[in-house]
1. Tell me whether the stretch 4-21 contains one or more residues that are closer than 23 Å to ASP87 by Cα and among the small types (Gly, Ala, Ser).
2. Among the listed residues LEU250, LEU314, LEU256, identify the single one that is surrounded by 17 or more Cβ atoms within 10 Å (Cβ to Cβ), touching a residue at least 12 places away in the same chain (Cβ under 8 Å), touching a strand residue (DSSP E or B) at 6+ places or on another chain (Cβ under 9 Å) and of a type outside the set (Gly, Ala, Ser).
3. Here is a list of conditions, (1) buried (at least 23 other Cβ atoms within 10 Å of the Cβ); (2) over 28 Å from ALA303 (Cα atoms), and PRO186 meets all of them except one; can you say which number that is?
4. When VAL49 is evaluated against the numbered criteria (1) part of a helix (DSSP H, G or I); (2) under 20 Å from ALA165 (Cα atoms), which criterion, by number, is the only one it fails?
5. One residue is enough: does the stretch 27-41 have a residue meeting the conditions among the aliphatic types (A, V, I, L, M), under 17 Å from VAL11 (Cβ atoms), in contact (Cβ under 8 Å) with a residue 24 or more places away in the chain and part of a loop (DSSP other than H, G, I, E, B)?
6. Name the single residue that is surrounded by the most Cβ atoms within 10 Å (Cβ to Cβ) among those in the stretch 16-48 being basic (Lys, Arg) and within 27 Å of the chain's Cα centre (by Cα).
7. Here is a list: SER105, SER167, SER76. Which entry is in contact with a His (Cβ under 8 Å, 6 or more places away or on another chain) and either touching a residue at least 40 places away in the same chain (Cβ under 8 Å) or under 29 Å from LEU42 (Cβ atoms) (or both)?
8. Within the stretch 49-83, can you find the residues that are over 21 Å from ASP175 (Cα atoms) and buried (at least 23 other Cβ atoms within 10 Å of the Cβ)?
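The values are calculated or read from the model by the stated rules, or taken from the named source; none is laboratory data. It should be emphasised that the depicted structure is a prediction, and the values quoted were computed from it without experimental measurement. Positions of Cβ are generated from backbone atoms using ideal geometry, with glycine treated the same way; all protein chains shown enter the neighbour counts.
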Amino acid sequence: MFKNKIISIVVPAHNEQKLIQKVLQSIPHWVDHIYVVDDYSLDATSEKVRERMASDTRIQLIRHEENRGVGAAICSGYKASLENQVDIAVVMAGDAQMDPDNLESLILPVAEEDVDYTKGNRLFQGKAWEIIPRHRYIGNSILSLLTKIASGYWHVADTQCGYTAISNKAMKAVDLDNVYPRYGMPNDLLVKLNIADCSVRDVPVRPVYNVGEISEIRISRVVITISRLLLRCFFSRLVEKYVIRDFHPLVFFYTLGLIAFPAGFITGVYLFLFRIFSGPVSATSALFSAFLIISGLQFLLFAMWFDMENNKNLKG
C-alpha cells in the first residue's frame with residue numbers, strides 16, 4: 001500500500017519479451033497488484049511474465065486472444081483493478097520507457113489531494129528536445145494542441161505520454177468498454193474524463209529512450225488517425241456538456257466560428273487564385289473574405305476562452 005491506498009500497476013505489453021522482465025523487476029515492493037496485459041504477443045512475452053510470476057505473487061497475467069490495441073489492454077487492466085477494489089491504478093508500459101523513480105510523484109496527487117487523474121509530462125524536462133526523437137516531439141506537440149481543444153483540459157501538455165495514475169472514482173466514471181482501443185486512448189480518455197468532471201494534473205517525468213524499445217508507431221499515420229478521433233471527441237464533448245447537460249453560449253461561438261472562418265479562408269484562396277490566373281477581383285469580395293476570416297477567428301477565440309473558464313475547476 002501507499003499512503004493507505006491500494007495500488008495496482010497495469011502493464012500493457014505487445015511483443016515485449018526483451019524488456020518486460022526489466023519492467024516487472026523495477027516495480028516497488030509497496031505496489032499491491034501488477035496486471036500484465038499481453039495483447040496477443042507473438043513472441044515469448046507471456047513466458048517471460050510467467051517466469052517472473054514464480055518469484056512475485058503480485059503479478060497476474062491477462063492475455064487477449066486477439067490483438068485489440070494498447071488502449072484495450074489498459075482498460076482490461078483497469079477492469080481487473082476495479083474488481084479487486086484498487087484505489088489507484090498506474091500505467092507502466094512493457095517497453096521500460098517509464099522511469100519507476102517517478103512513480104511516487106505521479107501517485108501522490110491522487111492519493112493525498114483527491115486529484116482524479118495524473119499524467120506524466122516529459123516536456124517539463126529542459127532537455128526533452130534533445131532526448132525525444134524530433135519527429136515524435138513535433139507529432140506530440142501537434143496532438144497536444146489538438147487534445148487541449150478537444151478535451152477542455154487547456155492546462156495539460158504531452159498528451160501522448162502514457163505514464164498515468166487514475167483514481168477508483170475516475171475509473172468508475174468512464175465507460176471502459178467504449179474507450180478508444182488503440183494509440184489514441186490517452187486522448188479519448190481525457191475527453192471522457194472531462195465530460196465526467198474529473199480533475200487532471202500534469203506531473204513532470206523523465207523521458208526515457210534508447211533502452212532497447214522497438215516502436216510500432218508510424219507517426220504520420222497516428223497523427224492523422226488521432227486527429228480524426230479528436231474531431232469526433234470534440235463535438236461529442238460540446239454536445240454532452242454544453243447542449244444536453246447544461247446549455248452554454250460558447251456553442252454559438254464555436255458554431256459561428258467554424259462556419260465563418262473556413263468560408264472566409266476558402267473564399268480568400270479562390271479570390272487569390274482568380275487574381276493570379278484571371279485578373280482583378282472586386283474590393284468588396286476581398287473585404288468580405290477578410291471579414292469572414294477575422295470574425296471567424298474572433299468567434300473561435302471567444303469560444304475557447306469560455307471553455308477555459310468553464311473548465312478551470314478541473315485543474316488538479
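1. First pass over the stretch 4-21, keeping only residues closer than 23 Å to ASP87 by Cα: 4-13.
When the remaining residues are screened for being among the small types (Gly, Ala, Ser), the result is 8, 13.
Yes, the stretch 4-21 has at least one match.
2. On the way: LEU250 fails: touching a strand residue (DSSP E or B) at 6+ places or on another chain (Cβ under 9 Å); LEU256 fails: touching a strand residue (DSSP E or B) at 6+ places or on another chain (Cβ under 9 Å).
It is LEU314.
3. Only one criterion is unmet by PRO186, namely (2).
4. So the condition that VAL49 fails would be (2).
5. Step one: of the stretch 27-41, the residues among the aliphatic types (A, V, I, L, M) are 27, 31, 34, 36-37.
With the extra rule that they be under 17 Å from VAL11 (Cβ atoms), the set shrinks to 27, 31, 34, 36-37.
Next, from what is left, pick out any that are in contact (Cβ under 8 Å) with a residue 24 or more places away in the chain: 27, 31, 34, 36-37.
Then keep just the ones that are part of a loop (DSSP other than H, G, I, E, B); that gives 27, 31.
Yes, the stretch 27-41 contains at least one residue that is among the aliphatic types (A, V, I, L, M), under 17 Å from VAL11 (Cβ atoms), in contact (Cβ under 8 Å) with a residue 24 or more places away in the chain and part of a loop (DSSP other than H, G, I, E, B).
6. Residues of the stretch 16-48 basic (Lys, Arg): 18, 22, 48.
When the remaining residues are screened for being within 27 Å of the chain's Cα centre (by Cα), the result is 18, 22.
Numbers: LYS18: 18, LYS22: 15.
If we take residues in the stretch 16-48 being basic (Lys, Arg) and within 27 Å of the chain's Cα centre (by Cα), then LYS18 is surrounded by the most Cβ atoms within 10 Å (Cβ to Cβ).
7. Values: SER105 fails: in contact with a His (Cβ under 8 Å, 6 or more places away or on another chain); SER167 fails: in contact with a His (Cβ under 8 Å, 6 or more places away or on another chain).
Going through SER105, SER167, SER76 in turn, the sole match is SER76.
8. Result: VAL49, single match.
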